[in-house]
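Every number here is computed from the coordinates shown, using simple stated rules; none is lab data. Values in this document were obtained by computation on a predicted structure and should not be read as measured data. Cβ placement follows ideal geometry from the backbone for every residue including glycine, while neighbour counts extend to all protein chains displayed.
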Amino acid sequence: MRLFNSFLPWLYLAAGGYAGSLLFFALGKKRFSLTLLWCGFAANTGAILLRGWHFGLFTPLNMVSEQYFLPWCLAALTLWRASKKRASASDAAGVAPVFLLILIALFLPARTIPPSPQSSTLFAPLFFLCEVMSHALLLLGGWSALLFLMRHPAEESFSRYAVWGFILYSIAQVIGAVWSWMGWAVPFHWSERHLSSAAIWCFYCAFLHLRFSPRWSAREKAWFALCGAVLTFVSTYGYYLSAVVVKHG
């Protein structure tokens, strides 16, 4: 019964599915890799749903905790990408960062989004839903940029991921400003969390302007996108890593 009452066993099942998918992808068995990716995604979905009931009361905000929701978002994008009719052999390569993120979710301590003013409003889970999915798009853009730099011409799609990630990230910031106004009567705080969000937004705003500069080659833009993904990754997991340092410091 514990398997059906706790979200962590389902998270381990998801990690197993993603690990098998990555193994078969490395062996060139795309069909088996895609099947196991679907299995891992299904288990990851079960973990997220049970996460909403983690304290015995359904809380949508717990379902979109980035530590557990980000691997799901990246897996969903990879499945969408690999299931297209004209999908290339490397379209399922996103399973590599998916497996990395699920491992981080398993080894980092579980965190719950702390209560805040107006946390029961719809704007709270909607903000995290948009922000985490935008992070997944930006990370996938960085991964595609890395593949492009490794001489995979078909992966010159990093710009599209960056554009959609930036759009969704901008929507998330507007929703977050509304939520902040409802809770604190101000749309912005000079806090570490808000400043890191502003840094990511400004970085990708600069990236989108590169298309108007003919002096930047495709490889230079790919490096820019890869650096943006690193910035997003560090900003995203800095909160969890700082908790580990404080706990053991």
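What number of residues within the range 43-85 satisfy the criterion of being part of a helix (DSSP H, G or I) and small (Gly, Ala, Ser)? Talk me through it step by step, then tell me what you get.
Within the range 43-85, the first condition is being part of a helix (DSSP H, G or I), and the residues that meet it are 43-51, 60-63, 66-82.
Keeping just the survivors that are small (Gly, Ala, Ser) gives 43, 46-47, 75-76, 82.
Summing the residues that are part of a helix (DSSP H, G or I) and small (Gly, Ala, Ser) in the range 43-85 gives 6.
I need every pair where a residue in the range 7-22 that is without any contact (Cβ under 8 Å) to a residue 24 or more places away in the chain has its Cβ under 7 Å from the Cβ of a residue that is assigned to a helix (DSSP H, G or I), sequence separation at least 6 or different chains.
Correct list of pairs: Pro9/Arg2; Pro9/Leu3; Gly20/Leu36.
Let's see how each residue does on (1) surrounded by fewer than 23 Cβ atoms within 10 Å (Cβ to Cβ); (2) of a type in the set (Gly, Ala, Ser):
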position: Leu23; (1), (2): yes, no
position: Ala26; (1), (2): yes, yes
position: Arg31; (1), (2): yes, no
position: Leu49; (1), (2): yes, no
position: Trp53; (1), (2): yes, no
position: Thr59; (1), (2): yes, no
position: Val64; (1), (2): no, no
position: Leu70; (1), (2): no, no
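Please go through the range 148-172 and give me each residue that is surrounded by 22 or more Cβ atoms within 10 Å (Cβ to Cβ) and over 14 Å from the mean Cα position of the chain (by Cα), ordered by number.
Matches in the range 148-172: Phe148, Phe158.
Pick out the one residue from Val186, Val174, Val163, Val178 that is assigned to a loop (DSSP other than H, G, I, E, B) and among the β-branched types (Val, Ile, Thr).
Every option except Val186 fails the conditions.
Could you please give the count of residues in the range 206-218 that are surrounded by 12 or more Cβ atoms within 10 Å (Cβ to Cβ) and either assigned to a helix (DSSP H, G or I) or in contact (Cβ under 8 Å) with a residue 40 or more places away in the chain (or both)? Walk me through it before giving the result.
In the first step, residues of the range 206-218 are kept if they are surrounded by 12 or more Cβ atoms within 10 Å (Cβ to Cβ); the result is 207-208, 210, 216, 218.
Checking the rest, the ones that are also either assigned to a helix (DSSP H, G or I) or in contact (Cβ under 8 Å) with a residue 40 or more places away in the chain (or both) come to 207-208, 210, 218.
Selection size over the range 206-218: 4.
Of all residues in the range 187-205, how many are buried (at least 16 other Cβ atoms within 10 Å of the Cβ) and of a type in the set (A, V, I, L, M)?
Counting residues in the range 187-205 that are buried (at least 16 other Cβ atoms within 10 Å of the Cβ) and of a type in the set (A, V, I, L, M) gives 1.
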